[in-house]
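Accompanying notes for the structure given below.
The values are calculated or read from the model by the stated rules, or taken from the named source; none is laboratory data. Keep in mind it's a predicted model, so treat the numbers as computed, not measured. When we count neighbours, we look across all protein chains shown, and the Cβ atoms used for this are built from the backbone with ideal geometry, even at glycine.
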Amino acid sequence: MAQILRAVEADAPRIRQLMELSVISLPSRDWFVDDDLPYILRHMEEEGYILKYLTDDQVLAGYVMVRWPGASPDNLGCYLNLPPEEYRSVAHIESTSVDPAFRGQKIFRSLLGAAIGKERDDPGIRYLMATVHPDNRYSKDILSEAGFISAAAVRKYGGLDRIVMYMPISKML
């Protein structure tokens with residue numbers, strides 16, 4: 001049975017490989033910004049977490065990286081006009097990728113749903129945010145279906161076009 005679990009250090013090389021696969025398999029290099037291993041490892045414990053999707057055969061087929069940017073100057077909460085003292089209430093979907101061999105199986109949707117559920121359980125998080133290339137209708141549609149709303153069109157990551165999207169996190173009572 002397929003599972004979504006928290007990634008561990010041993011998963012970092014496979015996550016990096018999935019990033020490389022995204023870079024070469026997407027219609028434009030501008031759609032995806034890949035990261036190095038130290039960045040990936042920081043997001044496993046220090047700055048957030050990574051959820052991995054394991055197939056029935058225990059193949060790591062996809063991941064979602066969530067970051068808690070806190071007071072960092074790159075906190076996407078600035079696009080919601082949040083005051084800096086509220087930046088700690090923001091979590092970012094930093095990156096997500098699905099192995100091309102497993103695309104079309106709703107893995108991204110499953111990972112995103114798991115991340116949303118995890119952030120709903122965190123009493124301090126009020127907004128989940130992400131960026132997406134304007135032409136990447138696949139990711140944009142999945143984010144929209146999950147409840148994300150466009151906040152701004154900007155240039156980020158060295159001048160790449162992005163749409164900043166956010167989702168208000170409602171807390172279960």
Counted residues, the stretch 138-147 - those being modelled with pLDDT under 95 and of a type in the set (Asp, Glu): 0
Positions within the stretch 127-137 being over 11 Å from Trp31 (Cα atoms) and either at pLDDT below 95 or out of contact with any helix residue (DSSP H, G or I) (no Cβ under 7 Å at 6 or more places or on another chain) (or both), in sequence order: none
Residues (closer than 13 Å to Ala91 by Cβ and among the aliphatic types (A, V, I, L, M)) located in the stretch 122-164: Ile125, Leu128, Met129, Ala130
Test result for Tyr127, more than 21 Å from Asp35 (Cβ to Cβ), within 15 Å of the chain's Cα centre (by Cα) and crowded, with 16+ Cβ neighbours inside 10 Å: yes
Residue match in the stretch 21-32 (condition: acidic (Asp, Glu) and modelled with pLDDT of 90 or more): no
Cβ pairs under 7 Å, 6+ apart, first in the stretch 138-153 and over 18 Å from Ser22 (Cα atoms), second aromatic (Phe, Trp, Tyr) and surrounded by 15 or more Cβ atoms within 10 Å (Cβ to Cβ): Phe148/Tyr166; Ile149/Tyr166; Ala151/Tyr79; Ala151/Tyr166; Ala152/Tyr79
The stretch 1-27, subset polar (S, T, N, Q) and part of a helix (DSSP H, G or I), residue nearest to the chain's Cα centre (by Cα): Ser22
Flag if Ser150 is surrounded by fewer than 19 Cβ atoms within 10 Å (Cβ to Cβ), in a helix (DSSP H, G or I) and either at pLDDT 95 or above or out of contact with any Phe, Trp or Tyr (no Cβ under 6 Å at 6 or more places or on another chain) (or both): no
From the options Ala115, Ala7, Ala91, Ala12, residue that is more than 21 Å from Ser144 (Cα to Cα), touching a strand residue (DSSP E or B) at 6+ places or on another chain (Cβ under 6 Å), modelled with pLDDT of 95 or more and crowded, with 17+ Cβ neighbours inside 10 Å: Ala7
Residue within the stretch 40-50 that is crowded, with 19+ Cβ neighbours inside 10 Å, under 19 Å from Gly104 (Cβ atoms) and within 17 Å of the chain's Cα centre (by Cα) present: no
Extreme residue, surrounded by the fewest Cβ atoms within 10 Å (Cβ to Cβ), among residues of the stretch 51-88 that are polar (S, T, N, Q) and touching a residue at least 12 places away in the same chain (Cβ under 8 Å): Ser72
